[in-house]
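Below is one structure, written out as structure tokens; the observations come after it.
Please treat every number below as a calculation from the coordinates, not as lab data. Since the model is a prediction, treat every value here as computed from it, not as a measurement. Using ideal geometry, Cβ is built from the backbone for each residue, glycine included, and neighbour counts are taken over all protein chains shown.
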Amino acid sequence: MLEGWLDQGISPADVVVVEPSQPALAAGVTVVADQSGVPAAFAPDVVVLAVKPQMMDGVAPAYGRYRQAVFLSIAAGKTLAYFAQHLGEGAAIVRVMPNTPAAVRCGMSVAVANAHVSAEQRRLCGELLSSVGEVAWIDNEALMDPVTAVSGSGPAYVFLLAEVMAQAGIAAGLPEELATRLARATVAGSGELLRQSVEAAGQLRQNVTSPGGTTFAALQVLMGDDGMGPLMTRAVRAASDRSRELAG
């Protein structure tokens with residue numbers, strides 16, 4: 001995400017990254033090991049809290065002093081009320097769930113803001129998020145748990161699809177290298193077709209399915225009572241439930 005922000009014109013000199021592992025980042029970006037290393041004069045417009053939710057209790061309180069900033073959280077399950085407790089009741093907080101395709105500027109981010117976020121702060125957060133993909137704003141924070149389950153965790157489901165397609169191809173007799181190549185290219189190409197098409201996913205599926213043909217035979221299995229539909233419903237429910245648990 002940082003790469004996308006820098007590509008959009010944010011100056012590296014305006015960025016401070018707090019990361020114990022001290023990663024090599026773009027020239028000009030200040031990297032410090034902990035919050036105590038942030039320059040005393042640094043007055044950020046946005047504080048991005050991007051750590052594992054299990055670590056947030058030990059991280060968030062140290063940043064409450066940046067009262068002029070909007071806090072942008074990328075932590076599954078951690079609510080606006082949670083951050084208000086740790087950062088102060090008047091803190092401007094945006095909770096967002098992005099996903100990993102942001103790395104190639106094709107991400108999907110869903111955000112919700114508390115009442116203290118100004119129109120300008122909302123615009124600023126929107127610009128940061130749109131630099132790495134699409135953005136949707138919601139008003140009902142309760143939707144963030146299923147959002148996390150569908151789009152936040154969703155890339156893993158797609159990668160699993162490519163993985164099991166390749167394994168099925170190998171089981172059907174294809175060489176491993178060819179099966180892997182076919183699965184990756186098919187999933188990637190189908191995703192791009194879906195992105196560019198104005199037709200619904202169901203219609204695109206029907207377009208490639210000839211009655212009584214090979215695709216039809218496969219879909220009879222995949223769309224069966226124990227097929228992808230019920231399985232995905234259970235998977236999304238499990239992820240959504242876990243997101244709610246992380247709020248505790």
3J(HN,Hα) from dihedral phi, region 27-43, Karplus parametrisation 6.51/-1.76/1.60, rounded to Hz, x for glycine, proline: 4, x, 7, 7, 10, 10, 6, 8, 4, 5, x, 5, x, 4, 7, 5, 10
Say each of residue 206 and residue 158 gets a label point 7 Å from the Cα, pointing the same way as Cα to Cβ; how far apart are those two points in nm? 2.4 nm
Charges at C-beta only: +1 for Lys and Arg, -1 for Asp and Glu. How large is the resulting dipole of the chain about its Cα centre, in Debye rounded to 20? 160 debye
Residue by residue through region 50-63, which ³J(HN,Hα) values in whole Hz follow from phi under the Karplus form 6.51 cos²θ - 1.76 cosθ + 1.60 (θ = phi - 60°), with glycine and proline marked x? 10, 10, 4, x, 5, 9, 5, 4, x, 10, 4, x, 5, 9
Give me the number: length gained by fully extending residue 231 to residue 100, i.e. 0.36 nm times residue separation minus the C-alpha to C-alpha distance, one decimal in nm. 44.9 nm
Express in whole angstrom the spacing between the alpha-carbon centres of region 132-181 and region 205-248. 12 Å
Which helices count as membrane-span-like in the chain under these terms: full DSSP H, at least 18 Å along the axis by C-alpha, Kyte-Doolittle mean of 0.0 or more? 154-171
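State, as an integer percentage, the relative contact order of region 2-145 based on alpha-carbon contacts under 8 Å between residues 6 or more apart.
Numbers: 226 pairs, mean separation 25.3, N = 144.
Taking the mean separation of contacting Cα pairs over the length of region 2-145, I get 18 percent.
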For residue 110, list long-range residues whose amide hydrogen, built 1.01 Å from N in the peptide plane, is under 5 Å from its own amide hydrogen. 97, 136
Collect residues whose amide H, placed 1.01 Å from N in the peptide plane, falls under 5 Å from the amide H of residue 70; neighbours closer than 5 in sequence don't count. 46, 47
Skipping prolines and chain starts, which residues have an amide H placed within reach, meaning under 5 Å, of the one on residue 64, given they are 5 or more residues away or on another chain? none
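Run the helix sum for the chain: -39,500 (n - 2.57) per DSSP H stretch of 4+ residues, divided by residue count, reported at 222 nm to the nearest 500 deg cm²/dmol. Mind showing how you got there, number by number?
On the way: 9 runs with 104 residues, N = 248.
Helix-only estimate at 222 nm: -13000 deg cm²/dmol.
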Among the GluC sites (Glu not before Pro) in region 32-139, which ones are in a DSSP loop with at most 14 other Cβ atoms within 10 Å of the Cβ? Mind listing them? 89
Using Cα-Cα distances under 8 Å and only pairs 6 or more residues apart, what relative contact order does region 154-246 have, in percent? 14 percent
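What trypsin sites (Lys or Arg not before Pro) in region 69-133 are in a loop by DSSP, with at most 15 other Cβ atoms within 10 Å of the Cβ? Please list the in-between numbers first.
On the way: sites: 78, 95, 105, 122, 123; in loops: 78, 105.
Counting only loop positions with at most 15 other Cβ atoms within 10 Å, the trypsin sites (Lys or Arg not before Pro) in region 69-133 are 105.
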